[in-house]
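J.: Quick one: the structure is below, questions incoming.
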Amino acid sequence: MSLQFSSDKEAVDALAQRYQQTLAEVKKVIIGQDEVVKAVLISVFSNGHCLLVGVPGLAKTLLVQTMGKVLDLSFSRIQFTPDLMPGDITGSEVLDDQKNFRFVKGPLFANIVLADEINRTPPKTQSALLEAMQERQVTVAGKVYALPKPFFVLATQNPIEQEGTYPLPEAQLDRFMLNVWLDYPSYEDELQVVRQTTSERQAEANTIIGAEEILYFQQLIRRMPITDNVLEYAVKLSNKTRPNSQFATPDTNKYLSWGAGPRASQYLAVGAKCHAALNNKYSPDIEDVQAVAPYILRHRIVMNYKAEAEGLRTDDLIKKLL
């Protein structure tokens, strides 16, 4: 596909078409997780990172591998363990046969990095990943090495097993644009999964889009216009989550200890733009902000003991704010 378009409207049409083609290919392999696939693609085209939270066996790893193939991007998988060191993911300098030091790149040097069970590794290694996520670079022995473009971290986390884990600090959670929950499949979907995975014939996904196109569409999303009322809604929504702030609701003051920061407002605006473009709209509206808000806010607000005592979930409160 040529990347020369007569207008941004034509480019948005092309992006919406590419999105539908990508979705169709991923669905050949991943069954019954359409909203999850859509959320991951929003993070890709918005140039953000994504945290996938779900119990084992819900095809989190398979989803990321399939995305790497369909998007024609280099893929790397890191299994996080308690003994993993920063050099194991960034790479390190080694002494070659000529007694010269040379840098051997680690698994972070890929377009899509699957950080499997990210909360199982110590803070020192998590901080090395944090630099890569934020700066798109790594520093080894005082030298800075740029990571390939595009670069995404898709991290998985098991919410039910906390023994021997290191909870992600809020600063690192804030670096993830989206927090996506994977739930158990429906009976019909699970039936199809078992039928497909236990037969001799395995589904194959084809390549749809490459790195150059993704980088172009990322810039396109940034260029999309957004009206003042939609931008004000996004910023006000973030403000509503902050206790005792100008726009705080009674529920916010009662149930929240901390609210979302300015990065949430930025991601709400960019995510709304991307959601609009994928649905073939040329400018986002309030419904687009509302569509991405749960993914963006759920890991950025901290509930207090009153909320826990009353059995409130983060998503319940977000729905009230919307």
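The values are calculated or read from the model by the stated rules, or taken from the named source; none is laboratory data. All values derive from a computational prediction rather than experimental measurement. All Cβ positions, glycine included, derive from the backbone under ideal geometry; neighbour counts span all protein chains shown.
J.: Can you work out which of the residues in region 96-109 that are assigned to a loop (DSSP other than H, G, I, E, B) and under 29 Å from the mean Cα position of the chain (by Cα) is modelled with the lowest pLDDT?
T.: Out of the qualifying residues, it is Gly106.
J.: Of all the residues that make up region 137-160, how many are outside any strand (DSSP E or B) and in contact with a strand residue (DSSP E or B) (Cβ under 9 Å, 6 or more places away or on another chain)?
T.: The number of residues fulfilling the criteria is 6.
J.: Another question, if that's okay. Considering only region 175-211, state which residues are under 23 Å from Leu41 (Cβ atoms) and acidic (Asp, Glu).
T.: Asp183, Asp189, Glu204
J.: Determine if region 115-126 includes at least one residue that is under 28 Å from Val37 (Cβ atoms), more than 16 Å from the chain's Cα centre (by Cα), polar (S, T, N, Q) and assigned to a strand (DSSP E or B).
T.: no
J.: While we're looking at this one, here's another question. Looking only at residues in region 185-231 that are acidic (Asp, Glu) and within 25 Å of the chain's Cα centre (by Cα), which one is nearest to His275 (Cα to Cα)?
T.: Looking at residues that are acidic (Asp, Glu) and within 25 Å of the chain's Cα centre (by Cα), I get Glu213.
J.: Considering only residues that are of a type outside the set (A, V, I, L, M, F, W, C), buried (at least 17 other Cβ atoms within 10 Å of the Cβ) and out of contact with any Asp or Glu (no Cβ under 8 Å at 6 or more places or on another chain), look in region 1-34 and name the one that is modelled with the lowest pLDDT.
T.: Gln33
J.: Return only the number of the condition from (1) in contact with an Asp or Glu (Cβ under 6 Å, 6 or more places away or on another chain); (2) farther than 30 Å from Gln33 by Cβ; (3) of a type in the set (A, V, I, L, M, F, W, C) that Val70 does not satisfy.
T.: (2)
J.: Out of contact with any strand residue (DSSP E or B) (no Cβ under 7 Å at 6 or more places or on another chain) and either surrounded by fewer than 18 Cβ atoms within 10 Å (Cβ to Cβ) or in the same structural domain as Pro150 (by TED's automatic domain parsing) (or both): which single residue out of Leu62, Leu114, Leu73, Leu108 fits that description?
T.: It is Leu62.
This table checks each residue for (1) more than 19 Å from Gln79 (Cα to Cα); (2) of a type in the set (Gly, Ala, Ser); (3) touching a helix residue (DSSP H, G or I) at 6+ places or on another chain (Cβ under 7 Å).
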{"position": "Phe152", "(1), (2), (3)": "no, no, yes"}
{"position": "Ala155", "(1), (2), (3)": "no, yes, yes"}
{"position": "Thr165", "(1), (2), (3)": "no, no, yes"}
{"position": "Arg175", "(1), (2), (3)": "yes, no, yes"}
{"position": "Val180", "(1), (2), (3)": "yes, no, yes"}
{"position": "Ser186", "(1), (2), (3)": "yes, yes, no"}
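J.: Find the residue count for region 117-136, including only residues that are among the small types (Gly, Ala, Ser) and out of contact with any strand residue (DSSP E or B) (no Cβ under 9 Å at 6 or more places or on another chain).
T.: Qualifying residue count for the region: 1.
J.: Hey, any hits in region 185-195 for a residue that's exposed (fewer than 13 other Cβ atoms within 10 Å of the Cβ), assigned to a strand (DSSP E or B) and of a type in the set (Gly, Ala, Ser)?
T.: No, region 185-195 has no match at all.
J.: Tell me, yes or no, whether region 164-178 has at least one residue that is in the same structural domain as His49 (by TED's automatic domain parsing), under 28 Å from His275 (Cβ atoms), in contact (Cβ under 8 Å) with a residue 12 or more places away in the chain and of a type in the set (Val, Ile, Thr).
T.: No; the residues of region 164-178 include none that is in the same structural domain as His49 (by TED's automatic domain parsing), under 28 Å from His275 (Cβ atoms), in contact (Cβ under 8 Å) with a residue 12 or more places away in the chain and of a type in the set (Val, Ile, Thr).
J.: List every residue pair whose Cβ atoms sit under 8 Å apart, with the two residues 6 or more apart in sequence or on different chains, where the first one lies in region 29-53 and is under 23 Å from Ser74 (Cβ atoms) and the second, anywhere, is among the polar types (S, T, N, Q) and assigned to a helix (DSSP H, G or I).
T.: Val29/Thr66; Ile30/Thr66; Leu41/Thr22; Phe45/Gln218; Ser46/Gln218; Asn47/Gln218; His49/Ser43; Cys50/Ser43
J.: I'm trying to understand the selection: among the residues of region 37-67, which are of a type in the set (Val, Ile, Thr) and farther than 24 Å from Glu213 by Cβ?
T.: Within region 37-67, Val53, Val55, Thr61 qualify.
J.: Also, I was wondering about something else. Considering only residues that are assigned to a loop (DSSP other than H, G, I, E, B) and of a type in the set (A, V, I, L, M), which ones fall in region 281-314?
T.: The answer is Ile301, Leu312.
J.: Any chance region 164-180 includes a residue that's part of a loop (DSSP other than H, G, I, E, B) and of a type in the set (D, E, K, R)?
T.: Checking region 164-180: at least one residue is part of a loop (DSSP other than H, G, I, E, B) and of a type in the set (D, E, K, R).
J.: Go through region 16-95 and tell me which strands (runs of 3 or more DSSP E), entirely inside it, have 2 or more residues that are touching a Lys or Arg at 6+ places or on another chain (Cβ under 7 Å).
T.: 49-53, 91-95
J.: Looking at (1) assigned to a helix (DSSP H, G or I); (2) free of Cβ contacts under 8 Å to residues at least 60 places away in the same chain; (3) buried (at least 20 other Cβ atoms within 10 Å of the Cβ), which is the only condition Gln134 fails?
T.: So Gln134 meets the others, but not (3).
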